[in-house]
Amino acid sequence: MLGQCSDRRFMHKTSEWLLSFSSNQKLNSRSLSLEDFRPCTKISITGGKGGVGKTSISLKAAQELAKSGHRTLLIDCDSNLSNTAIKLGLPLDNKFEKLLSAEASFEDVLIQQGNFHLLPACNGSISLFESKLNFAEIIIDIINSHEHEYDYILLDCPAGVSREALTLNAFCDYRWVVVTPDKSSITDSYSLIKLLHNRFGTKENHLIVNMFQSEKQMQKVVSTLGQTIENFIGIKTSFLGGVKKAEISADGFDTFFLSETNNEWQKNFVKLLYEFTEKNGGPMAARLQGTSLMAHEHDVH
Ligand SMILES: Nc1ncnc2c1ncn2[C@@H]1O[C@H](COP(=O)(O)OP(=O)(O)O)[C@@H](O)[C@H]1O
Ligand SMILES: [Mg+2]
């Protein structure tokens with residue numbers, strides 16, 4: 001069923017963007033069109049390694065941007081191990097299969113909570129597993145068709161450095177690389193950034209250090225990874241901020257991180273988003289007024 005999918009529905013713009021990378025052509029060598037000056041900001045939340053907090057951070061960022069009045073779409077790009085709906089306690093229905101086979105529309109599959117929209121993917125779908133679909137092309141076509149409806153589109157990327165994951169990362173305006181203080185996460189993030197640079201000419205990445213236990217440890221991750229990237233790849237890396245490790249059971253973290261409560265994690269994460277959106281022209285300032293966030297300015301940095 002999936003095999004016959006959507007080639008017709010999804011073919012138009014993806015191929016144009018992907019073709020710009022054929023014959024080793026880099027992004028900046030293609031000619032720009034009006035399509036390149038779109039107001040929707042696309043961010044991938046990525047990092048190579050699994051279990052570093054990409055999904056928790058994607059959900060939190062999308063929900064906070066939505067609360068600040070931004071129309072925000074989070075797309076779960078872990079095509080067949082989708083975790084976003086699970087973390088929100090929503091039922092899993094593999095409806096995404098029906099979108100792929102054109103039996104359901106984008107709106108049918110979308111979960112909408114005010115300004116926060118979530119496009120979940122599948123969980124163990126056999127037909128998706130057996131299909132030959134290029135998931136990255138499908139996601140890019142969905143974005144091309146719907147970005148005019150959103151201020152932000154966030155992609156919760158899968159672990160690994162598959163061609164599909166790299167393609168989605170390269171397509172976005174920004175990449176938030178989530179890294180934890182362990183060596184394998186630092187190495188995987190470096191490999192991801194190297195491959196993105198070599199294959200797609202990607203030069204800009206933002207680091208988020210998750211699960212750090214002390215300020216010193218966080219700074220060490222930033223300087224070690226930043227220096228290695230600069231020395232061996234020749235590009236600079238921006239540091240977006242950190243999320244402290246919570247001494248709490250795994251599922252417990254999502255419950256309180258995604259809750260409305262005004263805890264330390266909440267305040268620091270809103271501050272991180274504020275700094276990013278301000279630097280990139282987005283108005284999160286209203287959100288900060290009337291809160292005590294500024295008093296916590298040094299909590300993370
Ligand atoms: N700062 C943190 N402190 C404690 N636990 C965390 C933190 N960030 C994420 N977690 C937990 O770590 C686990 C992995 O996070 P997840 O977002 O699913 O990772 P990924 O998407 O990178 O595989 C989850 O159980 C999540 O609740
Ligand atoms: Mg995940």
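Rule-based calculations on the coordinates, nothing more; no lab input. Because the structure is predicted, anything quoted here is derived from the model rather than measured. Heads up, the Cβs are rebuilt from the backbone with ideal geometry, glycines too, and the neighbour counts pull from every protein chain shown.
Listed peptides 252-263, 173-184, 207-218 appear in the order 173-184, 207-218, 252-263 once ranked by packing, highest mean of other Cβ atoms within 10 Å at the front. With contacts taken as Cα pairs under 8 Å and at least 6 residues apart, segment 39-239 reaches a relative contact order of 29 percent. In nm, give the distance between the simple-model label positions of Ala104 and His148, each being 7 Å from the Cα along the Cα-to-Cβ direction. Distance between label points: 2.5 nm.
Where nothing but the Cβ of Lys and Arg (+1) and of Asp and Glu (-1) is charged, how large is the charge dipole of segment 39-239 around its Cα centre, in debye to the nearest 20?
On the way: 19 positive and 22 negative charges, 172 e Å.
Result for segment 39-239 is approximately 820 debye, rounded to the nearest 20.
The residue among Ser185, Gln219, Leu81 whose Cα reaches farthest toward the positive pole of the charge dipole of segment 39-239, with charges on the beta-carbon of Lys, Arg, Asp and Glu, is Gln219.
Two decimals is fine: what is log10 I(q)/I(0) at q = 0.09, 0.14, 0.15, 0.21 Å⁻¹ for segment 135-277, from a Debye sum with one equal scatterer on every Cα and no solvent? Here the Debye-derived log intensity ratios amount to -0.31, -0.76, -0.87, -1.39. The radius of gyration of the Cα set in segment 39-239, together with its Dmax, comes out at 16.7, 52 angstrom. Between the listed residues Leu118, Ser145, Ala170, the Cα displaced farthest toward the positive end of the dipole of segment 117-178, a dipole computed from Cβ unit charges relative to the Cα centre, is found at Ala170. On full extension, the segment bounded by Ser191 and Asn263 gains 22.5 nm, given 0.36 nm per residue less the C-alpha separation. Here's the list of aspartates and glutamates a cross-link from Lys49 could span, going by alpha-carbon distance under 17 Å and ignoring same-chain residues fewer than 8 apart: Asp76, Asp78, Asp156, Glu164, Asp182, Asp188. FRET efficiency for the Ser223 to Leu90 pair, using the beta carbon distance and R₀ = 30 Å, is estimated at 0.15.
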